[in-house]
Structure formats: C-alpha cells, structure tokens
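Structure first, then comments.
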Amino acid sequence: MQIGTLTLQNNLLLAPMAGYTDLPFRLLVKRCGAGMVFTEMVSAHGLVYSNGKTGAYLATTKEEFPLSAQIFGVDECIIAEAARCIQERGIAAIDLNMGCPVRKVVKKGAGAALMNALPLAQKIIKAVRKAVTVPVTVKIRSGWDSRSINCGTVAAMAQDCGADAIIIHPRTARQLFAGAADWAIIREIKHAVTIPVIGNGDVKNRADALRMQIETGCDGVMIGRGALGQPWIFQQGYSGIHPGLATHEHLPAALFSHIDLIERVYGGSVGPQRFIPHLFHYLKGIPRVKALRRYLGSDVKTLDDLRRTLIEFFQGSFPERPAVEGTGIGFCAAMQAAADPRE
Ligand SMILES: Cc1cc2nc3c(=O)[nH]c(=O)nc-3n(C[C@H](O)[C@H](O)[C@H](O)COP(=O)(O)O)c2cc1C
C-alpha cells in the first residue's frame with residue numbers, strides 16, 4: 001500500500017490509542033507484522049510550547065518504521081510548527097486528529113469539533129501540507145452527530161488541501177463507541193476521493209479485516225481494540241477466526257516480549273504499572289485468571305516479579321491463595337480502570 005511517498009509492507013495499520021500505543025507496544029505490533037503504527041494523539045500546543053513530557057510521546061526507533069505521529073490542536077500555525085518538529089525527528093508521517101470526541105478536546109475546538117468547522121479544518125490541513133514533505137493523513141469520524149454526517153465533504157476537502165490518505169472511523173462523535181461502526185460509510189468515502197482510504201472500526205480478527213476490504217473497497221484497514229491483548233492479529237497466516245483457540249498458542253510469547261520491550265524502552269527500574277492496561281486485555285477469557293489477579297494485586301512489585309508470576313501461571317504451578325489486603329501495587333483496581341475505553 002502507498003501513502004504519498006511512503007510504501008507500506010502491507011495494508012494493516014495499528015490505530016492510535018491513548019494510554020496504549022506507546023513505543024513498546026508499537027514495537028511488538030510491528031514485529032508481529034503491522035504495515036504501519038501510530039502514536040497516540042499528541043497536543044500540538046504541548047509539543048511546540050511545553051516541556052519534554054509531550055515530546056516523550058514521540059520517542060521512536062528505526063525498528064518501528066514507518067511510524068506516524070498523530071497531532072491534535074486548533075491553531076493552524078501551531079499545528080504546522082508541531083508537524084515540522086515531528087518531521088525533524090525523522091518520523092515517517094503525520095496524522096491530523098479530526099475525530100476525537102473527548103470533551104476536553106472538543107470544547108477547545110479540536111478533534112471531532114473540526115468536522116463542524118470546515119474553514120478552520122481546511123486551513124489546518126493546508127498549513128501542515130505546506131510545512132512538511134512527509135505524508136499527511138487525516139483521521140475523521142462520520143460527522144458530529146446523526147444529523148450532520150459530512151465525512152464525504154470533509155474527506156474531499158482534505159484531499160483538495162493535499163492530504164495523502166483519509167482514515168475513517170464510521171461512527172459519529174456523539175456516538176463515542178456505541179452501536180456498530182457503519183462500514184457503508186467507508187464505501188461512500190471511497191467513492192468521494194481518489195487518495196487511499198483506510199477503514200477503521202470493529203475489526204476484531206483477520207476475517208473482519210478481509211470482510212471490511214471486500215465490502216467497502218478500502219485500501220487499508222486500521223485496527224485498534226482488536227490489537228489489544230492480541231498483537232498477533234497482524235501476523236501473516238493467522239486467520240484469527242477463532243481468537244479463543246489462538247490465544248493459548250500466542251499469548252505467553254507476546255506477554256513476555258511485551259514486558260521485555262517495556263524494560264528496554266523505560267529502563268530496568270520501571271515498575272509493572274506500564275503493563276497493567278495491556279495485561280487486562282491479554283488475560284481476557286483465560287481460565288484461572290481470577291486467582292492470578294489476586295496474586296498480582298498483592299505480591300508483584302517489579303517486572304521480574306511479574307515475569308516469575310506469569311511463568312508459574314503458564315506452567316500450571318501457580319499457587320491459588322487468597323489476596324493479601326492492602327499490599328502490592330493495586331493491580332486489580334488499575335485493571336478495572338483500564339477497562340474503560342477512552343478516545
Ligand atoms: C483506549 C483508546 C484510546 C484511543 N485513543 C485515540 C487517539 O489518541 N487518537 C485517535 O485518533 N483515536 C483514538 N482512539 C480511537 C481508535 O483509534 C479507533 O478509531 C477506534 O477505537 C475504533 O477502532 P477499533 O474498533 O478498531 O478499536 C482510541 C480508542 C481507544 C479504545
């Protein structure tokens with residue numbers, strides 16, 4: 001698949017997901033075979049004006065090439081400057097977030113609010129196009145609400161402003177994650193533009209990915225929640241029709257590689273907390289997991305503790321015992337918190 005000057009090895013892309021798509025997870029997914037990976041959304045204002053903290057979201061290595069950095073904001077000059085900073089870091093592409101429905105983002109006029117402010121959206125895409133030579137993509141929703149479905153108009157406008165591809169998550173901003181993604185809208189976008197269209201929404205396995213391509217004619221498929229707890233969804237030859245069966249085969253290798261990557265990226269002293277949101281997803285539907293959760297809630301303080309516990313669990317020598325109240329790192333509560341999807 002081609003996005004502007006960039007040739008991807010395949011057309012399966014990892015979606016930007018705040019709190020999840022950090023460097024270790026992107027590296028894991030890339031190793032599994034993803035054609036392209038995305039950072040979570042990064043504030044353009046934060047990148048240009050503030051501290052290293054925002055910049056830390058852009059940490060990358062050559063191994064995950066091609067990486068796209070997603071930015072959000074509302075001022076075209078600041079967004080263009082942020083895009084320049086990203087290009088200078090050697091990042092392969094820039095994605096403009098015009099689909100985020102989260103209140104603190106849209107109340108400032110950014111994210112999905114831009115679908116209701118087309119003149120500003122137009123200025124932003126043109127300014128970024130002018131500022132950088134790397135490919136620029138735009139990620140949109142169907143529209144603001146069911147009475148204002150305007151993604152066809154937005155996609156055509158983005159193409160006219162020089163965007164290299166459109167990523168469409170066919171739910172309205174108001175819908176958040178409710179209901180099913182309306183794949184018919186992906187097909188409509190495909191008819192509205194000539195640049196590549198990347199479909200996104202509710203792809204849980206490889207069969208869904210294939211079905212999305214066949215039903216909509218989209219050029220690429222972006223996978224978000226379907227990659228959480230099963231990064232091997234990107235693996236060649238993995239049919240994924242019965243994820244439950246595949247789980248046992250792939251799970252331990254993915255878990256341990258992921259922990260190793262967290263250690264490599266964040267250093268040996270990093271605690272297991274970075275892994276908590278992912279662990280919750282890896283463990284979904286696994287037998288005997290309740291006992292494991294109790295154990296994690298009381299005794300696991302380092303990545304080595306975590307490895308040891310998981311080895312015992314997978315070897316079947318895992319001791320079932322009651323939780324110790326008030327100790328440990330709060331895995332259980334944190335795992336519950338991680339269950340709430342954000343955007
Ligand atoms: C936890 C979480 C965080 C997300 N963060 C972002 C984000 O930073 N930027 C963005 O454009 N979309 C974000 N999304 C939306 C996804 O990129 C994707 O559009 C959506 O989840 C639908 O695809 P899926 O059904 O494959 O998950 C997020 C979704 C989730 C579940």
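The values are calculated or read from the model by the stated rules, or taken from the named source; none is laboratory data. Source: prediction; values computed, not measured. Positions of Cβ are backbone-derived with ideal geometry, glycine not excepted, and every protein chain shown enters the neighbour counts.
Points worth noting:
- Looking only at residues of the range 58-85 that are hydrophobic (A, V, I, L, M, F, W, C) and under 18 Å from the mean Cα position of the chain (by Cα), we find that the one that is surrounded by the fewest Cβ atoms within 10 Å (Cβ to Cβ) is 59.
- Enumeration of residues in the range 179-208 that are more than 18 Å from the chain's Cα centre (by Cα) and hydrophobic (A, V, I, L, M, F, W, C): 180, 183, 184, 185, 186, 189, 192, 193, 195, 207
- Members of the range 138-158 found to be under 24 Å from the mean Cα position of the chain (by Cα) and over 19 Å from residue 187 (Cβ atoms), listed by number: 144, 145
- In the range 4-18 there is no residue matching the filter, namely being within 13 Å of the ligand (Cβ to nearest atom) and among the β-branched types (Val, Ile, Thr).
- Test: residue in the range 128-143 that is buried (at least 24 other Cβ atoms within 10 Å of the Cβ), in the same structural domain as residue 9 (by TED's automatic domain parsing) and away from the ligand (no atom under 15 Å from the Cβ): yes
- Residue 93 vs. criteria within 16 Å of the ligand (Cβ to nearest atom), within 19 Å of the chain's Cα centre (by Cα) and surrounded by fewer than 18 Cβ atoms within 10 Å (Cβ to Cβ): no
- Count - residues of the range 70-82 that are of a type outside the set (Val, Ile, Thr) and away from the ligand (no atom under 16 Å from the Cβ): 5
- Among residues of the range 30-43 that are without any contact (Cβ under 8 Å) to a residue 24 or more places away in the chain, none has a Cβ under 7 angstrom from a residue that is assigned to a loop (DSSP other than H, G, I, E, B) and within 8 Å of the ligand (Cβ to nearest atom) at a sequence gap of 6+ or on a separate chain.
- Residue 81 of a type in the set (D, E, K, R), modelled with pLDDT of 95 or more and touching a Leu at 6+ places or on another chain (Cβ under 9 Å): yes
- Entry remark, the range 19-41: residues being buried (at least 23 other Cβ atoms within 10 Å of the Cβ) and within 9 Å of the ligand (Cβ to nearest atom) number 4 in total.
- Qualifying residue in the range 43-54 (condition: surrounded by fewer than 22 Cβ atoms within 10 Å (Cβ to Cβ), in a strand (DSSP E or B) and within 14 Å of the ligand (Cβ to nearest atom)): yes
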